[in-house]
Amino acid sequence: MTQTAPPAAPRNSTRLVIVALALAIFAVVLTNIYIESVRRDVKRNSFNIYLLNRRVQPGERLRKEDTKRIAIPRDFEQSFKELGAVMENDYDALASGGEQFQRAASANDMLLFSLFTAPGGRDLDRGISPGRRLVSLPVNPRRIPGELRPGISVDIQAAFNLGGGVPTVMTVMENVRVTAVGSRTIADERDADPSSLRPISGYRAITIEVTPEDGTYLNMIERVMIGDFDLLLRNPEDQTTKIKAGGINPEVLDIIDKRRREAPPAKR
């Protein structure tokens, strides 16, 4: 019995295979181009912060393998700068020099400049930003919603007697970061074992960082307002403000200036 040879593959089938392969290669190239474009856009519109991979102790030195890099949208850059986050350029200098930790930190904590400054009351002044001052403000803890802790963002209000039957409550400052609650500071909060922290009680004052001029005005405001300062807690990502220029509310400054003009001249 004579065997019949299998039919030859049609040329059209070979062409289809070649076209399909070419299209697949073209699709891969386009995908790689798109991915690279997205990477460039992300890099251009983001900045890097660093988280610790492990717990560190004072005296240890920073190594690149101790951290992981996290990309953050550039819209939040100013907020992270205010927190004291170490960013890319500074990180390279700190890591290449093996900067020594002065404070303890846990795994997944953000790498902050304050980790490289010594803690304790004796070094409190070294943590103040250049050109700024720490001031203490009296507050009533019973009027504060929830637990207040160092590092939280607040709006500050005060009541003034403007001649009516009811005191006028006005916003004094907005989006202010609390540096200390009573005697517990941000450094204490960061260095302590989270499981050992207890709600802060018995405090009568908070500490904030302001310009020297605003520090003087806050001192004067405290002398003419009614009672203590009141605090409104805010989400740290909420950057909406009514005091567009920042600092102390100009309407409150007008009250201070008016009281100063109305005050009788000092006796000689």
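The values are calculated or read from the model by the stated rules, or taken from the named source; none is laboratory data. Since the model is a prediction, treat every value here as computed from it, not as a measurement. Please note: Cβ atoms are built from the backbone with ideal geometry, for glycine as well, and neighbour counts cover all protein chains shown.
Residues of the stretch 97-112 that are surrounded by 15 or more Cβ atoms within 10 Å (Cβ to Cβ) and not in a loop (DSSP other than H, G, I, E, B): ALA105, MET110, LEU112. Under the condition of being more than 8 Å from the chain's Cα centre (by Cα) and over 15 Å from LEU51 (Cβ atoms), which residue from the stretch 79-91 is surrounded by the most Cβ atoms within 10 Å (Cβ to Cβ)? Per the stated criteria, the residue is ASP90. If only residues of the stretch 232-268 that are outside any loop (DSSP other than H, G, I, E, B) and touching a strand residue (DSSP E or B) at 6+ places or on another chain (Cβ under 9 Å) are counted, the one that is nearest to GLY163 (Cα to Cα) is ILE255.
Among the residues making up the stretch 102-113, a single one is touching an Asp or Glu at 6+ places or on another chain (Cβ under 8 Å) and modelled with pLDDT under 80: ARG103. The residue of the stretch 114-164 that is surrounded by the fewest Cβ atoms within 10 Å (Cβ to Cβ), among those that are modelled with pLDDT of 90 or more, more than 12 Å from ILE206 (Cα to Cα) and over 23 Å from the mean Cα position of the chain (by Cα), is ASN161.
Residue count for the stretch 52-71 under the criterion of being at pLDDT 90 or above and surrounded by 15 or more Cβ atoms within 10 Å (Cβ to Cβ): the result is 4. The residue list THR211, THR171, THR185 contains one member that is β-branched (Val, Ile, Thr) and at pLDDT below 90, which is THR185.
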